[in-house]
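Values in this text are rule-based calculations from the coordinates and carry no lab data. On a predicted model such as this, the values are computed, not experimentally measured, just so you know. Cβ: placed from backbone, ideal geometry, glycine included. Neighbour counts: every protein chain shown.
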Amino acid sequence: MCSFTDLIVQSAVSPMLAAAATAAAEKTATAAAQPSGLQLLYEFLATGGFVMALIVLCSMAAIGASILSWLQMRPQIVMPNSVVSQLRAIPNYALKGDIRPLQEFLSNDASMLARLGSMAISGAFTSKQECHDACAIKAREEIHRLESGIPLLEVLITVAPLLGLLGTTAGLVGMFSAFGTGEGPDTTVIAHEIGVALRCTIAGLFVAVPSVLAHTYFTRRLDALAVRVESVMQEVIQHFYQHFEVQRPAA
C-alpha cells in the first residue's frame, strides 16, 4: 500500500513529467516542421525562374573553369622540382662530356618545363640567341594553353551580375504589372515578384564575387609560373651554350 507521503510525491511529480513530455513533443513537431537546408536552397533557386537557371549554369561553369585552371597549374604539370634540379645540373653533365642522359630524362617527362628544356638542349640551334627566340615562342604557346580556364572566368565575372540584373528587372516588371489589374494590386503577387528580383540579384553576385577571386588568384599564379620558367630557361640556355659546342649539320 502507498503511504500518504508517496501519494503527495506522485501528485507533485506527475504534472512535471507531463509538462516535460508536452514540451518535448512540441519541440519535435517544430523541428519536423522546419525545412532542411537543401529544401531552402531548392526553394530559393526554384522561385528565380529561367534567369536563375542561367545563373546556376554560370556557377557550374565557374567551378569547372577553376578546377581546370588548378589542374593545369599544378607544379608537377608545369615545372617539377626534379626537372628543375636536372636542368640546373648541366655543368655536371658538361664535366662528363655527355648531355644525352639529360636529353633522355627530359623526353620521358611530360611537364611543360621538360618540353622547353628538351628543346633548348636539342642542339638544333647554332647560336644562343636563336635558341632563346625559339624557346620564347614555344613558352608563349605553353602559357597560352595553361590559361585556357581564365578567359571563361573573365566572361562569367561580367555575365553573372548582368543575369542577376535581368532577373531583378523581370521581377520589377511583374510587380508593377500587378498594379495594372482592375481589381487592385495583389499583395501575394507583389511579394513573390520582389522575392524573385532580390533572389536573382543575390545569386548573380554570389557567382560573380568568387569568380573575381578565382580569376585574380589564377592570373597571379600564372604570372608567377611564367617568371619562374623564364628564369630557369635563361639559366639552361646560358649553361648549355657555355659548356657544349653546337654545330649545325651540313645540308
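Sorted largest first, the principal axis extents computed over the alpha-carbon atoms of the range 38-243 equal 95, 33, 19 Å.
Taking 0.36 nm per residue of sequence separation and removing the Cα-Cα distance, the Asn81/Lys96 pair yields an extension gain of 3.1 nm.
Extending 7 Å from Cα along the Cβ direction at Val173 and again at Gln238 yields two label points whose distance is 6.3 nm.
Between Leu166 and Arg221, what length comes free when the chain is fully extended (0.36 nm per residue of separation minus the Cα-Cα distance, one decimal in nm)?
That pair, Leu166 and Arg221, stretches by 16.5 nm at full extension.
Treating r as the C-beta distance of Phe206 and His144 and R0 as 45 Å, the FRET efficiency rounds to 0.90. In a fully extended conformation the segment linking Val189 and Ala53 would gain 46.9 nm over its present Cα-Cα distance, using 0.36 nm per residue. All other residues whose Cβ lies under 13 angstrom from that of Met79 are scored, Lys and Arg at +1 and Asp and Glu at -1, for a net of +1.
Put simply, the range 56-154 fits an ellipsoid with semi-axes of 34, 15, 8 Å; these come from the alpha carbon gyration tensor as the roots of five times its eigenvalues, largest first. FRET efficiency for the Ser122 to Thr158 pair, using the beta carbon distance and R₀ = 41 Å, is estimated at 0.40.
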